[in-house]
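Trainee: Below is a structure I'd like to ask you about.
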Amino acid sequence: MRSSHVLEKTHPSEAPSEEPAQEEAHGGGRRAWVIGLLGVLFLCLAAPYTDLTLMGSELAGNHLPLGAVCVFLALVLGSRLLRRVFPRWRELSARELLLAFAMMLVAAGLPTFGLAAYLFPAASAPVYYATPENRYAEVLLSYVPAWLIPQDADAVRHFYLGLPPGATIPWGAWVRPLAAWSALALAAYLVILSLGVLMSDQWIRRERLSYPLMQLPLEVTTQKRWNWRDPLLLLGMAVPMALHTLNGLHSVAPEFPEIRLKNVPFLDLGTDKPLSYLRSSINIYFCVIAVAYLLPAEVSFSIPFFFFFNKVQYMAAYMHGSDLAFGKVVEAQYVGAFLVFVFAGVWAARPHLREVWRSALGQHAKVGGKEYRWALLGLLAGAIGMVAWLAVAGVRPVVGLAVVVIFIAICIGLGRIVVESGALFAKATQMRPLTAFDYLTGTTWLRPADVPVVGLAQYVFFYDLKVFLMPAVAHALKLGDAAGTRRRTLLGAMAAAILLGMVASYASLLWMAYHHGAIKMNSWFFAIGPRAHLDSFVSTTTAPRAFEASKLATVAAGGAFAWFLAAMRQRFFWWPFHPVGYVLAYSSETTRIWFPFLAGWLCKVLLLRAGGLRLYRSGCRFFWGLMIGEFAAAALWLVVSTATGIEGYKIFP
């Protein structure tokens, strides 16, 4: 095992604090369920206002949602304070805290990026924005089943413009489309939960992936080691709090000075090519710096390295006179890289998967055999449910099956990327089904009836996955494993959180849209994004692209390079590059995080060389503080914005 991996084991995934005798053995306790569901309800009701209307720091805008973290930390501090004030109060145990946090993790994204904020435009934008010029009605709506779209034209219009005086929300107009889309969502979530169970032991026990985003909650709940008065922790908290407070005051009163932390130009060498391709920006996220510090060095270094490697490719293409067409080549190679990254992970998991299969069949005694059996059945049922839903909606089964295979690949790939790299804003944009089809097979084999439904489903479930459910489920299973929570209890809690979160998200977003007018809310979700994607669906339907061997060759080249990186990493201890950095290089979100990863890597390397493992471990407390301080600052300014009713200082994203 690599020495850098050994460093990760300094994180506190050992047994949490003692549980009270009366707590249900290996369960989470009723208090945890109640607190978790209340937290889910709060986050799902609040996010449509904070994220879509007020447009402050997003409560659910990355794989470690601000809202869930802040509620969790408030529970930790509040429980300890209650114990001091009321000695008879039984402090929340680590198991209860982690179960409640896991429930909030899986539901936090449902009101925004994870479901509702894309579902409502998918169901209504084709009607609202349809004109004779854009041909939405002719090309798209003629193939989309009526049960996927509200049939009340006034209900759709008022959703975007707001209710007229005296009118009430037309809840009934949305019942059928929401029920239909929810059926697909539940089938997809069943696939995710099942994959989480099937892959968790491989990732947690066999490969010992770092789960860097979960190290903070695990550390905080380890009461024997955690000290809120630690000077290094307090210093780390003070740095982002001070800087964000100063910048927040500047946003309100410009006479205060500003220390710019976002969009600072970097390598701005003019507008002449090829040097202009190196242009980037520096964005400082203290929580990302902290995550990078906790990672194996090859992971944190590879993300900025391959980010600029991608830019160098454009420079080389320009020198050969093909830079204008190179964008498609780049996207194609990262389709191949992602697919090979997934394949390599599954290939490495072969011994575990054989054990899963034998245990599920009862061929040998194994703890978790029944779990694996139900997980395999759940995966099969969810996949069949997704294919069947698409077929009922008019998509041929072969197309539906291809879509589901891509969905499963995204689940495994993006889940592993996040738990291994801690990339807060990681997405898999290149793996949208219609995009992947274009590079792998062309799109001429798709019928006009296939594209609109696949496109709308793609927009909701495949596109903007920076709050995707699979990483959240993987994180929740890690927390449950560390806390010793019974798997059945954890899965039941997650399922309850998802169901409650869906209902609360629908109700909150509908209320917000009809009272404010969706067109006045976040323009990306309700205007720019839907129209851009609908235009692309029309283009794919009316001008399908034929199969091109050159595209497939580029996909293969990207896959071969990803396989080379994975093979070198397995064979040579000194190899400094990790394939996850190459896979993430295409994402536009990497622009935000390349510099914090570089800074975190540099801090780790310097401390290790200066003082070895002991100094590294001491430094962890400072970096925990950076993470907590930035989340606290974001929460503070979000409260200020909510209290004043105006958009204020925004930290995330």
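The values are calculated or read from the model by the stated rules, or taken from the named source; none is laboratory data. Nothing here was measured: the structure is a model prediction, and the numbers come from that model. In this analysis, Cβ positions are derived from the backbone assuming ideal geometry, glycine residues included, and neighbour counts consider all displayed protein chains. Accessible surface is based on the protein model in full, side chains and every heavy atom, while ligands, DNA and RNA are left aside. Shrake-Rupley method; radii C 1.70, N 1.55, O 1.52, S 1.80 Å.
Trainee: Specify the residue that is most open to solvent (accessible area, probe 1.4 Å); the eligible residues are those in the range 623-652 that are of a type in the set (Ser, Thr, Tyr) and assigned to a helix (DSSP H, G or I).
Mentor: Looking at residues that are of a type in the set (Ser, Thr, Tyr) and assigned to a helix (DSSP H, G or I), I get 644.
Trainee: Moving on to the next point. Select from the range 435-455 the residues that are of a type in the set (A, V, I, L, M) and open to solvent by 10 Å² or more (accessible area, probe 1.4 Å) and list them in ascending order.
Mentor: Let us first name the residues in the range 435-455 that are of a type in the set (A, V, I, L, M), namely 436, 440, 446, 449, 451, 453-454.
440, 446, 449 - these are the residues of the range 435-455 that are of a type in the set (A, V, I, L, M) and open to solvent by 10 Å² or more (accessible area, probe 1.4 Å).
Trainee: Taking the criterion of being part of a helix (DSSP H, G or I) and touching a residue at least 12 places away in the same chain (Cβ under 8 Å), would at least one residue in the range 162-170 satisfy it?
Mentor: no
Trainee: Quick check on the range 525-581: of everything there that is of a type in the set (Lys, Arg) and open to solvent by 60 Å² or more (accessible area, probe 1.4 Å), which residue is modelled with the highest pLDDT? Please lay out each step first, then the result.
Mentor: Here is the first cut: in the range 525-581, the residues of a type in the set (Lys, Arg) are 531, 545, 551, 569, 571.
Okay, now just the ones that are also open to solvent by 60 Å² or more (accessible area, probe 1.4 Å), so 531, 545, 571.
Details: 531: 95, 545: 92, 571: 90.
Step by step, filter the range 525-581, then rank; the result is 531.
Trainee: Restricting to the range 48-84, give me the number of residues that are over 20 Å from residue 427 (Cβ atoms), touching a helix residue (DSSP H, G or I) at 6+ places or on another chain (Cβ under 7 Å) and free of Cβ contacts under 8 Å to residues at least 60 places away in the same chain.
Mentor: So the answer is 2.
Trainee: Of all residues in the range 220-239, count the ones that are part of a helix (DSSP H, G or I) and crowded, with 21+ Cβ neighbours inside 10 Å.
Mentor: Within the range 220-239, residues that are part of a helix (DSSP H, G or I) and crowded, with 21+ Cβ neighbours inside 10 Å number 4.
Trainee: Let me spell it out: the conditions are (1) more than 30 Å from residue 374 (Cβ to Cβ); (2) at pLDDT 95 or above; (3) open to solvent by 60 Å² or more (accessible area, probe 1.4 Å), and residue 513 meets all of them except one. Which number is the exception?
Mentor: (3)
Trainee: Still on this model: With (1) over 23 Å from residue 626 (Cα atoms); (2) at pLDDT below 95; (3) within 29 Å of the chain's Cα centre (by Cα); (4) part of a helix (DSSP H, G or I) as the list, and residue 265 as the residue in question, which single condition is left unmet?
Mentor: (4)
Trainee: Name the residue that is nearest to the chain's Cα centre (by Cα), counting only residues in the range 87-113 that are surrounded by fewer than 24 Cβ atoms within 10 Å (Cβ to Cβ) and basic (Lys, Arg).
Mentor: The selected residue is 90.
Trainee: Quick check on the range 471-481. Is at least one of its residues assigned to a helix (DSSP H, G or I) and more than 19 Å from the chain's Cα centre (by Cα)? Walk me through how you get there before you give the answer.
Mentor: So in the range 471-481, the residues assigned to a helix (DSSP H, G or I) come out as 471-481.
Next, only the ones that are more than 19 Å from the chain's Cα centre (by Cα) stay: 480-481.
Yes, that holds for at least one residue.
Trainee: So how many residues does the range 584-605 have that are part of a helix (DSSP H, G or I), within 23 Å of residue 345 (Cβ to Cβ) and under 15 Å from the mean Cα position of the chain (by Cα)?
Mentor: 3
Trainee: Looking for something touching a Pro at 6+ places or on another chain (Cβ under 6 Å), polar (S, T, N, Q) and more than 21 Å from residue 37 (Cβ to Cβ) - is there at least one such residue anywhere in the range 535-549?
Mentor: Yes, some residue in the range 535-549 is touching a Pro at 6+ places or on another chain (Cβ under 6 Å), polar (S, T, N, Q) and more than 21 Å from residue 37 (Cβ to Cβ).
Trainee: Going by the structure shown, is residue 412 open to solvent by 10 Å² or more (accessible area, probe 1.4 Å), of a type outside the set (Asp, Glu) and within 25 Å of residue 578 (Cα to Cα)?
Mentor: yes
Rundown of residues vs (1) free of Cβ contacts under 8 Å to residues at least 24 places away in the same chain; (2) of a type in the set (A, V, I, L, M); (3) surrounded by 22 or more Cβ atoms within 10 Å (Cβ to Cβ), yes/no style:
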| residue | (1), (2), (3) |
| --- | --- |
| 462 | no, no, yes |
| 469 | no, yes, yes |
| 472 | no, yes, yes |
| 475 | no, no, yes |
| 489 | no, no, no |
| 496 | no, yes, no |
